[in-house]
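The values are calculated or read from the model by the stated rules, or taken from the named source; none is laboratory data. Since this is a predicted model, take the numbers as computed values, not measurements. So basically every Cβ, Gly included, is an ideal-geometry build from the backbone, and we count neighbours across all protein chains shown. Side chains included, ligands, DNA and RNA excluded: accessible areas come from the protein's heavy atoms. Shrake-Rupley method; radii C 1.70, N 1.55, O 1.52, S 1.80 Å.
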Amino acid sequence: MLNRVILIGRLTKDPELRYTPSGVAVTQFTLAVDRPFTSQGGEREADFLPIVTWRQLAETCANYLRKGRLTAVEGRVQVRNYENNEGKRVYVTEIVADNVRFLESNRDGGNGGGNSGGAAREESPFGGGNSNSGRGNNNSRNNHDPFSDDGKPIDISDDDLPF
C-alpha cells in the first residue's frame with residue numbers, strides 16, 4: 001500500500017504555529033495548487049489543500065514560510081473525524097507533510113530571505129540549535145537563517161564522513 005503526495009503551490013496565508021499541551025509544535029497552512037487545465041470560461045482553477053507539519057518542521061515552516069511563497073510539500077493524505085458542538089460527525093482531509101521545500105527566496109527581503117531551494121524535513125535537526133526553542137511560548141520565533149553560511153567552505157575531517 002502507498003499513501004504519498006507531492007504538491008507544488010503557493011501559501012494562501014502565513015502558517016499558524018501552535019503547541020499541543022505536551023509542548024509539540026504543529027503548524028497549519030493552506031497550499032493553493034493550480035489545476036493543469038482551464039475551465040470552460042478560460043480561467044485557471046486551483047485546489048486549496050490544508051497542510052499540517054509537526055515538531056521541528058513545524059517551527060521551521062512558521063519561521064520561514066509566508067503568504068504567496070512557492071512551496072513544495074511531500075507527505076501523506078490523512079482523513080480524520082471528530083464530533084462538533086452540535087453532535088454532528090465532521091470529516092477532515094489534510095496533507096501531513098514530512099518534507100517541505102522553499103522554492104523561492106522571500107520576495108520582500110525580510111526575515112527568512114536567502115533560503116531559495118532550502119529544504120526542511122521532519123527528522124532534520126536544523127533550525128534554532130536548541131530543540132526546545134520556543135516550546136511553551138507561542139509568540140517566540142527563531143529568526144536564525146540556517147542558510148546564512150551558504151557558499152562558504154565547510155571544514156569536515158575524514159572521521160566525520162559516514163563512508
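The number of residues in segment 1-41 being more than 21 Å from R80 (Cα to Cα), open to solvent by 50 Å² or more (accessible area, probe 1.4 Å) and either part of a strand (DSSP E or B) or free of Cβ contacts under 8 Å to residues at least 24 places away in the same chain (or both) comes to 9. Suppose we keep only residues that are β-branched (V, I, T) and open to solvent by less than 50 Å² (accessible area, probe 1.4 Å) within segment 88-106. Which one would you say is nearest to G9 (Cα to Cα)? Only one residue fits best here, namely V100. Applying the condition of being open to solvent by 70 Å² or more (accessible area, probe 1.4 Å) and within 16 Å of the chain's Cα centre (by Cα) to segment 42-87 and asking which residue is nearest to T12 (Cα to Cα) yields K67.
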